[in-house]
């Protein structure tokens, strides 16, 4: 009896705070034997050495953004002046120099729209109108040909505007199509189910590279005689069709996790099938599917760099243009670090926003 009371009391005792638990964990996991102690010390020494070397190269002995090439030649650290010197080329590539303000304005417009869409609560209809309006306005800004703006071919939409345009509006178009496909595959209607399964499984069996080549070389052949389609529009269409299949499977996982009793309860209340889907099924299924959809969004954002295969220039391609200059060839690492940091920050923000939505910190609209 006494032993039982002591066990219960120990289980109900709150965990101790302070350094003692931490020191105990360190002793048990990192310094439990002489061999573990040696490994821990060597690992810490290597980490400190690496961190100090990185700090020295990145900051202490680096040439700042305001520096010059002459300073970079004599420096032993990074040459961040390369990024300021080649910023326009890295961000916009071969977009006409006199019209680069349009590329910057379109990029800023897309970024602001993404932030507002993600952070500001609003009705679904307003979200859709905002996305469509931004897509049209940014397209007209980049393309020109109206309001006195010179026409710019879409194969010259390089760098940041291209990445933002394709990733943002591909996801905006693929998501609702994925919802429709998921509902079709989840439905009891045999024909709809088979058609959705056939489409999803066929698309998921096709490599991304083949999809891009189909957009550039096959899709134009399917148009009527005399009709043309711009490369950016063709890639946007095929990527939308491609990622809709992945969204459909993500959403289907949420649909399958939904208890059938809730749908039956909605039917008993007199709700129509459309009302049950809109008010009961989708809100819960989408929240459950957030982790899977986050993976799809992040993957699609990174996969936009594959457009370089079909002759379009993403950020990595424009960075190669920048350090192809014989005067700046030694600074490829600085360019790749900056672009890698950009992708990391974007993916981290997507993941963090999805985590907050999954924990109920936001609303799906």
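The values are calculated or read from the model by the stated rules, or taken from the named source; none is laboratory data. On a predicted model such as this, the values are computed, not experimentally measured, just so you know. Please note: Cβ atoms are built from the backbone with ideal geometry, for glycine as well, and neighbour counts cover all protein chains shown.
Of the residues examined, residue 127 is not one that is in a helix (DSSP H, G or I), within 20 Å of residue 157 (Cα to Cα) and touching a residue at least 24 places away in the same chain (Cβ under 8 Å).
Within the range 228-255, the residues that satisfy the criterion of being over 30 Å from residue 283 (Cβ atoms) and free of Cβ contacts under 8 Å to residues at least 24 places away in the same chain are 228, 229, 234. Consider the range 182-206. How many of its residues are touching a residue at least 60 places away in the same chain (Cβ under 8 Å) and over 29 Å from residue 273 (Cα atoms)? Count: 0.
Residue 139 satisfies every condition listed in (1) in contact with a helix residue (DSSP H, G or I) (Cβ under 7 Å, 6 or more places away or on another chain); (2) buried (at least 16 other Cβ atoms within 10 Å of the Cβ) except (1).
So which of 159, 178, 148 is modelled with pLDDT of 90 or more and at positive phi? One residue alone meets the criteria, 159. Is it the case, given these coordinates, that residue 194 is over 23 Å from the mean Cα position of the chain (by Cα) and part of a helix (DSSP H, G or I)? Considered against the rule, which asks whether it is over 23 Å from the mean Cα position of the chain (by Cα) and part of a helix (DSSP H, G or I), residue 194 comes out as yes.
Of the residues making up the range 305-319, those that are within 13 Å of residue 93 (Cβ to Cβ) and touching a residue at least 12 places away in the same chain (Cβ under 8 Å) are 307, 311, 312, 313, 314, 315, 316, 317, 318, 319.
Applying a threshold of 8 Å to beta carbon distances and a minimum spacing of six or more residues, or different chains, the list of pairs starting in the range 207-227 at a residue that is on the phi > 0 side of the Ramachandran plot and at pLDDT 85 or above and ending at one that is outside any loop (DSSP other than H, G, I, E, B) and surrounded by fewer than 17 Cβ atoms within 10 Å (Cβ to Cβ) is empty.
With respect to being at pLDDT below 90, out of contact with any helix residue (DSSP H, G or I) (no Cβ under 9 Å at 6 or more places or on another chain) and either surrounded by fewer than 16 Cβ atoms within 10 Å (Cβ to Cβ) or within 27 Å of residue 85 (Cα to Cα) (or both), residue 274 fits the description.
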